[in-house]
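These notes are about the structure you will find just below.
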Amino acid sequence: MKKAYRVKKNRDIEAILHYRKGVHSTSFKVFKKPQNNGTHFRFAVSVPKKFGNAVKRNRIKRQIRSVIAQLPIAQGWDILIIVKPMAKELTYSSLEKELVICLTKQQLLEVKV
């Protein structure tokens, strides 16, 4: 996935949190905010240190980026995914299912007609 699809600046991440449109599950918190110049979606993944060491945190981030790359996400949104420590126990397929459920609740997936 291209780096243009990632939210990197702290002020952008805080703006997504400040917008307060979020969905919670047992393993994820997903927040969204509309973009002003929305050509494509952007996302950020946050994994707290409670999750584990750097190797475990980077692994879950890679898995989430892989899932996001495969999904048809609606254009014009900034998305923040916060991983809860309960996500340690998930396999890749269950991680994918739970993330799809959260993104569907947020109405971020494009519907194919």
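Listing for the model above:
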quantity: (i) 1.17; (ii) 1.37; (iii) 1.00, with the label sought being that of the calculated Cα Rg over 2.2 N^0.38 Å; calculated: (iii)
quantity: Folded to 0 to 90 degrees: helix 92-105 orientation relative to the chain principal axis, Cα; calculated: 30 degrees
quantity: R0 of 30 Å, Cβ-Cβ distance Asn58-Tyr19: FRET efficiency to nearest 0.05; calculated: 0.65
quantity: Straight-distance crosslink candidates among aspartates and glutamates, where the alpha carbon sits under 16 Å from Lys8 and sequence neighbours closer than 8 are dropped; calculated: Asp78
quantity: Beta bridges by DSSP in the chain, antiparallel share as percent, to the nearest 5; calculated: 65 percent
quantity: Pairwise FRET efficiency - Lys105 versus Thr39, Cβ, R0 = 30 Å, nearest 0.05; calculated: 0.75
quantity: Set Lys2/Lys50; Lys2/Lys32; Lys56/Lys105; Lys2/Lys49; Lys29/Lys49; Lys9/Lys105 screened for pairs whose C-alpha atoms are more than 22 Å apart; calculated: Lys2/Lys50; Lys56/Lys105; Lys2/Lys49; Lys9/Lys105
quantity: The chain, relative contact order [Cα under 8 Å, separation at least 6], %; calculated: 35 percent
quantity: Positive minus negative residues near Lys105 (Lys, Arg vs Asp, Glu; Cβ under 12 Å); calculated: +2
quantity: Under 13 Å from the Lys88 label point (7 Å along Cα→beta-carbon), backbone N, the stretch 25-68; calculated: 48-57
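No value in this document is a laboratory result; all are computed from the given coordinates. Only a predicted model underlies this, so the values are computations on that prediction, with no experimental measurement involved. Virtual Cβ from ideal backbone geometry, glycine too; neighbours counted across all protein chains shown.
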